[in-house]
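These notes are about the structure you will find just below.
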Amino acid sequence: MEFERILIRYGELSTKGKNRKQFVARLASNVKKVVRDMPNVKVHGERDRMQLFLNGADPDVVMERLRLVFGIQSFSPVVKTALDVEAIKEAATKLVSDLFVPGATFKVAARRSNHQFELDSNELNQEIGAHVLQTVPGLTVNVKKPTIKLNVEVRLDGVFLSCQTVQGAGGLPVGSSGRAMLMLSGGIDSPVAGYLAMKRGVEVEAVHFHSPPYTSEKARQKAVDLAEKIARYAGQVQMHVVPFTEIQETIKKQVPESYIMTVTRRLMMRITDELRRRRNGLAIVNGESLGQVASQTLESMIAINAVTATPIIRPVVSMDKNEIIEIAKKIDTFELSIQPFEDCCTIFTPAAPKTKPKLEKVEYYESFIDFDAMIETALAHVETFSVQVADEEKVTDEFADLL
Ligand code: ATP
Ligand code: MG
């Protein structure tokens with residue numbers, strides 16, 4: 001069967017009342033991004049659903065990509081016919097016989113929003129069902145658990161038939177909740193945090209701190225590779241790599257060992273916040289998880305967070321490590337994250353950081369150092385670039401059972 005279009009159903013969009021228009025436009029633009037290498041594909045966002053016209057593109061390839069797009073509840077390859085019973089019958093037979101295997105059972109599920117149509121849904125179920133049974137030999141009916149369920153939807157502009165409904169990624173269209181900076185280390189937690197923020201509609205830009213020569217080119221590349229993985233959910237991710245060596249060396253020299261971690265994190269936060277301001281971001285996302293390591297305590301959060309009033313989103317804050325790992329595996333970042341390249345924190349962090357740092361003490365230690373000039377220098381040397389999805393990366397087998 002030649003499918004000429006895919007019908008896309010919205011997730012939570014429909015509850016958003018008057019923002020709906022913007023949400024639909026955002027989703028349409030995100031869908032266009034994932035098929036941008038297929039210029040013939042056309043996307044048409046309507047109030048209650050979206051239609052994607054294949055114009056010859058491979059429906060299977062398009063559907064694999066749609067599975068990763070947040071804001072989609074489900075989608076179906078469909079065939080459209082005229083408002084004509086004979087045309088519906090013919091299309092129904094074609095669709096079902098394509099899927100027929102020995103032992104197959106089926107049922108028709110008709111719905112009608114067009115009340116002018118000559119048959120109501122019960123009559124449609126019966127007429128179409130009888131016709132398909134006659135024309136597809138060996139097929140039997142099973143109303144409770146059919147192997148083939150033929151959906152027939154009669155609308156004002158035509159009739160839509162489909163046998164397949166694919167679960168979408170859910171969530172909200174990336175970008176519909178605004179932009180935030182994701183503090184992306186090479187670890188397990190921050191890519192997961194980024195993914196979860198994106199799922200709620202946040203467009204993330206990754207910020208990665210590196211400290212050459214203490215950290216290697218491989219550690220930097222690892223962060224870029226991780227950004228590429230999560231870029232699959234957005235089409236692309238903007239990335240900022242911040243040179244952090246001078247600041248870390250200064251901290252190491254001038255701050256008592258037990259406070260190095262806290263001061264380092266505060267500096268990362270300040271720089272990230274300034275990047276956020278410049279990029280018109282609304283929040284900062286990080287991978288902190290409460291109690292996971294000695295440094296991730298509420299006391300520590302108070303001390304680190306004190307440098308800004310910007311909302312800090314911590315999507316994995318209350319998750320167990322195993323829960324985070326499970327998501328990391330699903331989004332295919334886990335294997336990358338466990339590669340053993342030291343990041344800037346592992347190298348400078350003392351064996352025993354303060355688990356309950358005192359804000360007054362942190363501020364006192366910092367008061368002897370003029371970080372402002374160093375922050376300016378670091379910001380002046382930030383490398384900013386766009387991380388695109390590698391073509392062969394767009395569809396991986398792991399995703400087949402993910403979403
Ligand atoms: P992750 O697995 O994300 O590295 P973690 O459990 O190792 O997290 P920490 O190393 O304490 O936790 O870091 C806490 C958070 O600080 C990270 O999740 C990340 O958001 C941010 N962060 C740490 N190091 C960096 C870095 N080099 N560049 C950018 N952000 C960082
Ligand atoms: Mg880490």
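For E326 and N19, calculate 0.36 nm times their separation in residues minus their Cα-Cα distance, and state this gained length in nm to one decimal.
107.2 nm
Using Cα pairs under 8 angstrom and six or more residues apart, how large is the relative contact order of the chain, in percent?
17 percent
Top mean-square fluctuation among R155, R67, R277, Gaussian network model of the chain, C-alpha springs under 10 Å?
Looking only at R155, R67, R277, the biggest GNM fluctuation is shown by R155.
What's the magnitude of the charge dipole for the chain around its Cα centre, counting Lys and Arg as +1 and Asp and Glu as -1 at the beta-carbon? Answer in Debye, nearest 20.
In total the dipole reaches around 1080 debye.
Whole number in Å², please: accessible area per residue of the chain, 1.4 Å probe, ligands, DNA and RNA not counted.
Per residue, the chain has 46 Å² of solvent-accessible surface.
When the chain is fully extended, how far beyond the present Cα-Cα distance does E118 get from K94, taking 0.36 nm per residue of separation?
6.4 nm
Among DSSP beta bridges whose residues both lie in the chain, state the antiparallel percentage, nearest 5.
55 percent
Would you calculate a helix-derived [θ] at 222 nm for the chain, using -39,500 (n - 2.57) for each DSSP H run of n ≥ 4 and dividing by the full residue count, to the nearest 500?
Helix-only estimate at 222 nm: -11500 deg cm²/dmol.
Helix 245-254 versus the longest principal axis of the chain: what angle, 0 to 90°, nearest 10, using Cα atoms?
40 degrees
Can you work out the Karplus-derived ³J(HN,Hα) for every residue in region 81-88? Use 6.51 cos²θ - 1.76 cosθ + 1.60 with θ = phi - 60°, whole Hz, and x for glycine or proline.
10, 6, 7, 8, 4, 5, 5, 5
Can you tell me the orientation of helix 260-278 relative to the chain, as the angle in degrees between its alpha-carbon axis and the longest Cα principal axis, to the nearest 10?
Between helix and principal axis, roughly 50 degrees.
Magnitude of the Cβ-charge dipole of region 179-402, K/R +1 and D/E -1, about the Cα centre, nearest 20 debye?
600 debye
What are the residues whose amide H is under 5 Å from the amide H of F70, where those residues sit 5 or more places off or on another chain and H is modelled from the backbone?
So F70 has HN proximity to V174.
Which entries in K21/K145; K145/K199; K32/K80; K33/K329; K218/K330; K107/K329 show an alpha-carbon gap greater than 28 Å?
Checking Cα-Cα distances, K21/K145; K145/K199; K107/K329 exceed 28 Å.
If you roll a 1.4 Å probe over the chain with all protein chains in place, what percent of the accessible area is carbon or sulfur?
50 percent
Using the Cβ atoms and a cut-off under 14 Å, what net charge is assigned to the surroundings of G291, where Lys and Arg are +1 and Asp and Glu are -1?
Charge balance near G291 sits at -2.
Could you run the Karplus curve 6.51 cos²θ - 1.76 cosθ + 1.60 with θ = phi - 60° over region 353-363 and give me ³J(HN,Hα) per residue in whole Hz, x for Gly and Pro?
Whole-Hz 3J(HN,Hα) from phi for region 353-363: x, 4, 7, 10, x, 9, 4, 4, 5, 4, 5.
The values are calculated or read from the model by the stated rules, or taken from the named source; none is laboratory data. Note that the coordinates shown come from a computational prediction; the quantities given were computed from them, not determined experimentally. Cβ: placed from backbone, ideal geometry, glycine included. Neighbour counts: every protein chain shown. With ligands, DNA and RNA removed, areas are computed over all heavy atoms of the protein, side chains included. Shrake-Rupley method; radii C 1.70, N 1.55, O 1.52, S 1.80 Å.
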